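The values are calculated or read from the model by the stated rules, or taken from the named source; none is laboratory data. Computed from a predicted model, the values in this text were never measured in an experiment. With ideal geometry, Cβ positions are generated from the backbone for all residues, glycine too; neighbour counts draw on all protein chains shown. The area values use the complete protein model at the heavy-atom level, side chains included, leaving out ligands, DNA and RNA. Shrake-Rupley method; radii C 1.70, N 1.55, O 1.52, S 1.80 Å.
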Amino acid sequence: MSTMPFFDDSQLTRVLCVVAHPDDMEYGGSAAVARWTAMGVKVSYLLLTAGEAGMRSVEPERAAQLRIDEQRNACREVGVEGLTVLNLPDGMLQGDLDTRRQIARQIRKLQPDLVFAQPWDLYVEWGLNHADHRAAGIATVDAIRDADNPWVFRDLLEDEGLEPWGVRWLLVASADADHVIDISGEPLERAIRSLQAHQAYLEELGDHPDPRELLEGMTTGAAQHSDEPSVTHALAVAAFRM
């Protein structure tokens with residue numbers, strides 16, 4: 001199996017994670033977040049929807065509140081204090097100008113060094129990618145560029161006083177990964193607890209794999225791309241210099 005270099009996260013100070021739904025960060029991404037917050041990095045989450053359409057037996061208004069509450073609990077497990085939910089329509093998310101503007105606004109506000117996003121491909125390792133995930137991923141790529149362009153979304157500067165900001169790195173948990181992040185030990189344990197925090201949602205799904213078995217399996221495989229014997233679990237990511 002080919003080896004991959006470790007992503008150099010030693011200089012990170014601020015990270016913004018942009019995903020479509022509550023629980024999306026908990027499928028591996030939160031392990032990297034746990035590593036970063038332990039290093040003193042300030043990590044914020046931006047959820048584009050409240051996930052209100054994700055629980056078939058629960059009315060959307062109740063589901064949204066339930067899922068946001070569970071996301072707050074998940075955030076606490078990995079040291080995330082900043083959680084913003086945009087309340088765009090779950091199941092009907094679009095990578096349009098309004099979505100890009102709202103993501104760009106958050107980038108300019110928080111001024112992250114790195115943005116963590118979802119893959120925008122139709123085909124992903126676990127099957128056919130969710131429409132909202134694809135929209136969130138491509139909108140985030142575009143919004144990173146928008147946030148750094150003074151002539152795009154000029155109202156953000158002129159009306160809100162938000163100066164352009166250039167993000168240095170975009171990371172995507174992708175089958176086309178070219179780097180790994182060591183999440184062995186405590187980061188993985190905290191990530192498992194963060195997925196377990198979505199208790200009502202996972203119970204609603206019914207046949208969801210055990211969080212520990214799922215995350216340990218995913219990250220053990222990625223660790224095989226490292227040439228460091230001490231790395232037992234890793235997150236594989238595609239890293240883009242922006």
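The convex hull drawn around the Cα atoms of the range 112-157, when projected onto a plane and averaged over every direction, covers 4.0 nm².
Beta bridges per DSSP, both residues in the range 1-124: antiparallel share near 0 percent. Within 14 Å, Cβ to Cβ, of Gln94, how many net charges do the neighbouring residues add up to if Lys/Arg are +1 and Asp/Glu are -1? Value of the local net charge: -2.
Between Glu213 and Asp8, the C-beta separation translates, for a Förster distance of 35 Å, into a calculated FRET efficiency of about 0.70. If both residues of a DSSP beta bridge must be in the chain, then about 35% of such bridges are antiparallel. When each of the peptides 104-113, 9-18, 86-95 is scored by how many other beta carbons lie within 10 Å of its residues on average, the order from highest to lowest is 104-113, 9-18, 86-95. Volume of the convex hull of the range 118-242 (Cα atoms only), normalised per residue: 154 Å³. Using the Kirkwood radius built from alpha carbon pairs, what does the Stokes-Einstein equation give as D for the range 1-93 at 20 °C and 1.002 mPa s, in µm² per second? The estimated diffusion coefficient comes to 151 µm²/s.
Within the chain, the ratio Rg/Rh, alpha carbon atoms throughout and Rh by Kirkwood, equals 0.95.
Extent of the range 160-209 along its three principal axes (Cα atoms, max minus min coordinate, largest first): 45, 33, 24 Å. Restricting the calculation to alpha carbons of the range 76-173 gives Rg and Dmax of 14.0, 43 angstrom.
Full extension of the chain between Ala175 and Gln111 gives 20.3 nm of extra length, using 0.36 nm per residue less the Cα-Cα distance. Accessible surface for the range 1-122, divided over its residues, is 43 Å² per residue with a 1.4 Å probe. The share of accessible area on the range 51-195 that comes from carbon and sulfur is 47 percent, using a 1.4 angstrom probe.
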